[in-house]
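A.B. asks: Below is the structure I would like to discuss, written out as structure tokens.
The values are calculated or read from the model by the stated rules, or taken from the named source; none is laboratory data. Since the structure is predicted, the reported quantities are computational estimates derived from the model, not experimental observations. Glycine also receives a Cβ, built like all others from the backbone with ideal geometry; neighbour counts cover every protein chain displayed.
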Amino acid sequence: MTPTMAPTLKMAFFAAAAVGMLEAGAASAQTGACLITKTDTNPFFVKMKEGATAAAEAAGIDLSTFAGKYDGDVETQVAAVESCIASGAKGILITPTDSRALVPVVTQAREAGMLVIALDTQFEPADAADATFATDNFKAGELIGQWAKATLGDEAANAKIALLDLNASEVSVDYQRDNGFLQGFGIDIKDPTDIGDEDDPRIVGNDVTDGSPDGGRTAMENLLQIDPDINVVYTINEPAAAGAYEALKAFGKEEGVLIVSVDGGCPGVRDVGAGIIGATSMQFPLLMASKGIDAIKAFAESGEKPENSEGLDFFNTGVELITDKPVDGIPSLTSAEGLEKCWG
């Protein structure tokens, strides 16, 4: 038979148990958040995850992270949102791989009382999320278009342009950058939410890359078959630009071709320094993610939701043109300066 517990020992035991229960309650009440990216291999999303993780640790937020298997993997992102709803997380940060197809599931998340913030890529409509923290993607495209036009000078009238886009879904980030580039280059865009409806004879064609080096190489090879004299290449991002350069090099065409892109990752900035990319528009994914975590914390504490930048339907996290061949009238940073800021 177990001896009767002494009164003093019994009080200490129950006090310790009470403390344990309080600590468990505090742990279970910790604010939960989810980060859902398009992939976990693209360096852009790796940096975004770093920013969210560091901010969550500083804010005492329990962060769960998810990613699609490839750019365009809607099913995995839908399942991730459903898991976040089931977990009782307070907010979701998501880079939607399809800005339309994911609207129903994020609507369910908001109806469940969660704060939903899109990062980098807006939903369609934008107000399907509570907020968007992103680059002005149209402006990012416009800057590299203006730079390419100014760099070519009079020869811009005779340009032969290849457009290396993201995928057939034509998500918002895709058509915004593509059409921004065309407008910056001085080409009349028809529908600003569509890709490939222009009739300017300088456009050789469009192809898709999935934002990857392999995709960039294949797309460039396809377009060189149409016209081997392409001299301007727009790419959705820097991994696609790297692939495009390899294709040009294999065809002996790397000299005299302007490649422009969007991302501003450290590898891409180094490619600017090496002369592979002529100019790129730098984004700030770490800032997008950290601000997203801050917004979830504020929402959990007060119900406050973030506000858009003035005159925009998203919060603008900024963009910088990076080039070692600056042109008058377009503010830019050198690649050396860009390496001090890349993806901060």
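A.B. asks: Could you list, in sequence order, the residues of segment 221-246 that are surrounded by 24 or more Cβ atoms within 10 Å (Cβ to Cβ) and of a type in the set (A, V, I, L, M)?
C.D. replies: Matches in segment 221-246: V232, V233, I236, A240, A241, A244.
A.B. asks: Within segment 249-270, is there a residue that is in contact with a Gly (Cβ under 9 Å, 6 or more places away or on another chain), surrounded by fewer than 24 Cβ atoms within 10 Å (Cβ to Cβ) and of a type in the set (G, A, S)?
C.D. replies: Within segment 249-270, none of the residues are in contact with a Gly (Cβ under 9 Å, 6 or more places away or on another chain), surrounded by fewer than 24 Cβ atoms within 10 Å (Cβ to Cβ) and of a type in the set (G, A, S).
A.B. asks: I'm trying to understand the selection: among the residues of segment 168-192, which are within 19 Å of T95 (Cβ to Cβ), without any contact (Cβ under 8 Å) to a residue 40 or more places away in the chain and part of a loop (DSSP other than H, G, I, E, B)?
C.D. replies: Within segment 168-192, E170 is the sole residue that qualifies.
A.B. asks: So which of D136, D154 ends up being under 17 Å from L312 (Cβ atoms) and surrounded by fewer than 24 Cβ atoms within 10 Å (Cβ to Cβ)?
C.D. replies: Details: D154 fails: under 17 Å from L312 (Cβ atoms).
Criteria check complete, one pass: D136.
A.B. asks: When only residues in segment 95-133 that are at pLDDT 95 or above, β-branched (V, I, T) and not in a helix (DSSP H, G or I) count, which is farthest from V319 (Cα to Cα)?
C.D. replies: V116
A.B. asks: Can you pull out every residue in segment 31-46 that is touching a strand residue (DSSP E or B) at 6+ places or on another chain (Cβ under 6 Å) and part of a loop (DSSP other than H, G, I, E, B)?
C.D. replies: Result: T39, D40.
A.B. asks: What residue, of D200, D214, is of a type in the set (D, E, K, R) and not in a helix (DSSP H, G or I)?
C.D. replies: Being of a type in the set (D, E, K, R) and not in a helix (DSSP H, G or I) holds for just one of D200, D214, which is D200.
A.B. asks: Just to be sure before I move on: is A58 part of a helix (DSSP H, G or I) and at pLDDT below 95 in the structure I sent?
C.D. replies: no
A.B. asks: Filter segment 275-315 down to residues that are under 16 Å from M48 (Cα atoms) and in contact with an Asp or Glu (Cβ under 7 Å, 6 or more places away or on another chain) and give me whichever is surrounded by the fewest Cβ atoms within 10 Å (Cβ to Cβ).
C.D. replies: L286
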